[in-house]
Amino acid sequence: MASSTRLAAILQAVMQGMPKALSDSHYPGWHLAPVTGLLNDPNGFIHFDGHYHLFYQWNALGCAHQHKCWGHWRSADLLHWTHQPIALMPDEEYDRSGCYSGSAVDDNGRLTLIYTGNVKFEDGSRTAWQCLAQQNNAGGFDKLGPVIAVPEGYTGHVRDPKVWRHEDHWYMVLAAQNMQLQGRVLLLRSDNLREWQNLGEIAGSELGGLGAAGYMWECPDMFTLGDSMYLICCPQGVAPEEKRYLNSHACAWLSGSLDYQQPAYQHGPLNEMDAGFEFYAPQTTLTADGRRLLVGWMGTPDGEEMAQPTVAQGWIHQMTCVRELSSRNGRLFQQPIPELQALRQKEQHYQGRAEDAPPIGAQRLELELESQGDIELNFADTLILTWQQNELRLARRSLVTGKWTYRYWAGAARRLNILCDHSSVEIFINDGEGVMSSRYFPDQPALLTLRGRAELQARYWSLRRCMVE
Ligand code: FRU
């Protein structure tokens, strides 16, 4: 499609779709979501020239995984976001099947995007190019074309470049699949973002002490935090266990140390990033004051996504809240950024038995709970958290079969911080030791009811709306 034709179609889709999406009772009140169509991965998250930029995989033309563009939001404070011009559209031969995920860097004062140009052929095969684009003076992006072809020894599933600066070089982690159909993460190096040298594989299925861990590791991200080098990735095809890896595709972290020269990444076992129903393809960035922030896609590909009721309103998916990462004893913790506290309205308290607590409006809510457990939190009869002594269990009915399905977090929860929006719940456990992120589609206004005789202490706030402008 010529870019002017595509742009005209996108404009029409936004004009027609936006009123319907924004008036849907499930449309978020303070999370980022598409104004119409489908959103998936966060891309190009960066603090640049005094602003945060967050790009996103966006199909404005419908709710299917097609026609991927890069949408673009900007914010000074991580709370109030503004729409920016579409950054990338699939209008070149080398990205014609989609401008897939990637990252952003500051290249000598120029905001520069590194993304995957995906090319699908009629016989079902594909190839991929890692491409550059640079911001122009009008705020749009000029494509500079492909800089990396599919490396020798890998299938056409090569994508999602995440680039960072270390000492005097640029480095990139890149998701790849080898000829034996095993997921791999490659490390590449460059002096100028244009010429890249493939240093080799640093992690993957049946590497570094891991067992079979999937056929493709999407959206890798690598960074130093505390004493550890973390690798976040989304291994597809990890076998489900009784209480872990239950989503259609997983998102996990590894912790270890990276020898950039060899290259060699010594790491421990895979750990699930989030124990809820929806979490995938997160991306991190560093703030000016040195904090490592993360945003994830509150969705999972391939599962029941297309059965979500918002599809009938012409939109699907949202981002997670922005989170701050920390490292404690080689383990990754996630907490909502303190900036979000500005959304809090009047503080309320409760102390006593769970079952005596008044029902709480869950529409837009932050709730801090302390207890020893044996409590049930019922979100509008649609999502139910059972807080046991040594386990949290989240229950939700399948949107396809209607049967109850479960997700688990193993451990003794003592403190929960729960952030609710119109159709999402993010449960932060023990100050970020674990998280469970899930969408749910309650009748509004949604009520949270507590059950059980156990004692608890609660502080809670209704949250104000914060719409993108
Ligand atoms: C992850 C992913 C990426 C790809 C993008 C396409 O959700 O499949 O690997 O770049 O989405 O939208």
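The aspartates and glutamates whose alpha-carbon is closer than 12 Å to the alpha-carbon of Lys243, local same-chain residues fewer than 8 away aside, are Glu272, Glu391. One chain, two ends: Ser3 and Leu399. Fully extended at 0.36 nm per residue, the span grows by 138.9 nm beyond their Cα-Cα distance.
Taking amide hydrogens as placed 1.01 Å from N in the peptide plane, the amide H of Gln266 sits under 5 Å from those of Ser257, Asp259, each at least 5 positions away in sequence or on another chain. When the solvent-accessible area of the chain is split by element, carbon and sulfur atoms take up 46 percent of it, the probe being 1.4 Å.
Centre-to-centre separation between the Cα atoms of region 153-183 and those of region 38-114: 19 Å. Counting only protein heavy atoms and a 1.4 Å probe, the chain has 39 square angstrom of accessible area per residue. Taken as Cα centroids, region 207-227 and region 124-150 sit 25 Å apart, rounded to the nearest whole angstrom.
The angle between the Cα long axis of helix 3-22 and the main principal axis of the chain comes to about 0°, on a 0 to 90 degree scale. Taken about its Cα centre, the chain carries a charge dipole of roughly 740 debye when the Cβ of each Lys and Arg holds +1 and the Cβ of each Asp and Glu holds -1. Work out, in µm²/s and without decimals, the Stokes-Einstein translational diffusion coefficient of region 247-383 at 4 °C, 1.567 mPa s, Rh from Kirkwood over C-alpha pairs. Answer from the Stokes-Einstein relation: 70 µm²/s. Measuring how big the chain is from its alpha-carbon positions, Rg and Dmax come out at 21.6, 65 Å. Each residue was assigned an accessible area with a 1.4 Å probe, and for Met222 the value is about 0 Å². Placing unit charges on each Cβ (+1 for Lys and Arg, -1 for Asp and Glu) gives region 1-336 a dipole about its Cα centre, and among Leu225, Gly299, Gly208 the Cα reaching farthest toward its positive end belongs to Gly299. Expressed as a fraction of 2.2 N^0.38 Å, the value expected for a compact globular protein of N residues, the C-alpha radius of gyration of region 346-462 is 0.98.
Annotation for region 8-25 versus region 257-326: alpha-carbon center distance of 27 Å.
For region 322-433, the residue among Asn329, Pro359, Leu369 whose Cα projects farthest onto the positive side of the dipole built from Cβ charges is Asn329.
The alpha-carbon atoms of region 108-172, seen along their principal axes, cover 42, 32, 13 angstrom, with the largest extent given first.
The values are calculated or read from the model by the stated rules, or taken from the named source; none is laboratory data. Note that the structure is predicted; figures quoted are calculated from it, not measured. Note that we place each Cβ from the backbone using ideal geometry, even for glycine, and neighbour counts take in every protein chain shown. The accessibility values were calculated without ligands, DNA or RNA, using every heavy atom of the protein model including side chains. Shrake-Rupley method; radii C 1.70, N 1.55, O 1.52, S 1.80 Å.
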